[in-house]
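Read the structure below first, then the notes.
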Ligand SMILES: Cc1cc2nc3c(=O)[nH]c(=O)nc-3n(C[C@H](O)[C@H](O)[C@H](O)COP(=O)(O)OP(=O)(O)OC[C@H]3O[C@@H](n4cnc5c(N)ncnc54)[C@H](O)[C@@H]3O)c2cc1C
């Protein structure tokens, strides 16, 4: 079966943290996806719109939401990064293909621990809304969301209001920089895993972010914390 392709139209573009854009698009009629999946955008070169390559972006909106939401961390000189900064605006049509991917929460996990840095939080926003609001899932769930500076956080309101509404969900923002005003958790996201893991020793652990971060967290889980591979699921933003 050919991969579904759609044209979606940008309805909002906003800088939600330094170098991070939130992009909202119309959701085509009939487009279905599972929380945690991604789509491929057709990305033209800014200087030659006929030169097109695909770039993957996780869908941050939940399957039950009416729009498609994405969170994109810009890379200096990157093709999609320049296109998003310079070309995309409200009303811009974009061709996408998908959905793709198997980064899905397992129904058999007794609890779920989600670990992200930066834009890696995108699939977790979709999954948390889907599990908590749409499926009324009562399993224990924790999100560890790491950034360097307080201003790098985005979508905090979404996670905090879910945490207020659903007692089975705990949100842990973590700061790796040395901002003095920060009173919350500090260091690398994986440092805070042992205490959560001790309370949920069979939880599925979902890791998403830059490839180096995903590799580091996986290695720490396997070698330092003795967590079996079968519990680890990862999506690296290569
Ligand atoms: C499944 C999946 C889901 C993803 N979801 C997201 C998401 O939700 N949000 C998100 O922000 N990202 C996501 N990504 C990453 C995303 O697909 C892009 O890789 C990212 O946005 C960078 O794309 P770009 O076109 O801007 O940069 P690219 O053009 O791919 O370049 C990346 C970097 O390499 C440098 N570079 C490129 N070519 C060269 C060269 N020849 N020599 C030296 N340097 C070079 C660029 O300057 C840039 O800094 C995902 C990736 C995967 C695989």
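Here is a list of conditions, (1) within 12 Å of the ligand (Cβ to nearest atom); (2) assigned to a strand (DSSP E or B), and residue 85 meets all of them except one; can you say which number that is?
Evaluating residue 85 over (1) within 12 Å of the ligand (Cβ to nearest atom); (2) assigned to a strand (DSSP E or B) leaves (2) as the failure.
Of everything in region 41-67 that's away from the ligand (no atom under 13 Å from the Cβ) and in a loop (DSSP other than H, G, I, E, B), which residue is nearest to residue 125 (Cα to Cα)? Even if it seems obvious, please write down each step before you answer.
Taking region 41-67 and keeping what is away from the ligand (no atom under 13 Å from the Cβ), we get 47-50, 62-67.
Adding the requirement that they be in a loop (DSSP other than H, G, I, E, B) leaves 47, 62-66.
Working: 47: 34, 62: 7, 63: 11, 64: 12, 65: 12, 66: 15 Å.
Here the residue is 62.
Which of (1) over 21 Å from residue 211 (Cβ atoms); (2) without any contact (Cβ under 8 Å) to a residue 24 or more places away in the chain; (3) near the ligand (Cβ under 9 Å from one of its atoms) is the odd one out, the single condition residue 107 does not satisfy?
Exception for residue 107: condition (3).
Where in region 125-238 are there helices (runs of 4 or more DSSP H), lying wholly inside it, with at least 1 residues that are within 16 Å of the ligand (Cβ to nearest atom) and within 26 Å of residue 24 (Cα to Cα)? Break it down stepwise before answering.
On the way: elements: 156-165, 193-199, 211-219.
Because the criterion is at least 1 residues that are within 16 Å of the ligand (Cβ to nearest atom) and within 26 Å of residue 24 (Cα to Cα), the helices (runs of 4 or more DSSP H) in region 125-238 that meet it are 156-165, 211-219.
With more than 14 Å from the chain's Cα centre (by Cα) and closer than 19 Å to residue 232 by Cα as the only criterion, which of 179, 109 stands out?
On the way: 179 fails: closer than 19 Å to residue 232 by Cα.
Within the list 179, 109, the selection yields 109.
Let's see how each residue does on (1) under 15 Å from the mean Cα position of the chain (by Cα); (2) modelled with pLDDT of 95 or more:
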{"residue": "21", "(1), (2)": "yes, yes"}
{"residue": "38", "(1), (2)": "yes, yes"}
{"residue": "49", "(1), (2)": "no, no"}
{"residue": "61", "(1), (2)": "yes, yes"}
{"residue": "94", "(1), (2)": "no, yes"}
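Could you grab the pairs with beta carbons closer than 7 Å, sequence gap of 6+ or different chains, first residue in region 219-238 and closer than 14 Å to residue 198 by Cα, second one within 16 Å of the ligand (Cβ to nearest atom)?
none
Can you tell which of 38, 70, 100 is surrounded by 13 or more Cβ atoms within 10 Å (Cβ to Cβ), touching a residue at least 12 places away in the same chain (Cβ under 8 Å), farther than 22 Å from residue 20 by Cα and near the ligand (Cβ under 8 Å from one of its atoms)? Give the derivation first.
On the way: 38 fails: farther than 22 Å from residue 20 by Cα; 70 fails: farther than 22 Å from residue 20 by Cα.
The conditions single out 100.
Which pairs turn up if I take residues in region 42-65 that are outside the structural domain of residue 116 (by TED's automatic domain parsing) and farther than 21 Å from residue 131 by Cβ and look for partners that are within 12 Å of the ligand (Cβ to nearest atom) and at pLDDT below 95 with beta carbon separation below 9 Å, at least 6 apart in sequence or on another chain?
Correct list of pairs: 56/238.
The values are calculated or read from the model by the stated rules, or taken from the named source; none is laboratory data. Treat the numbers as computed from the prediction; the structure is a model and nothing was measured. Cβ: placed from backbone, ideal geometry, glycine included. Neighbour counts: every protein chain shown.
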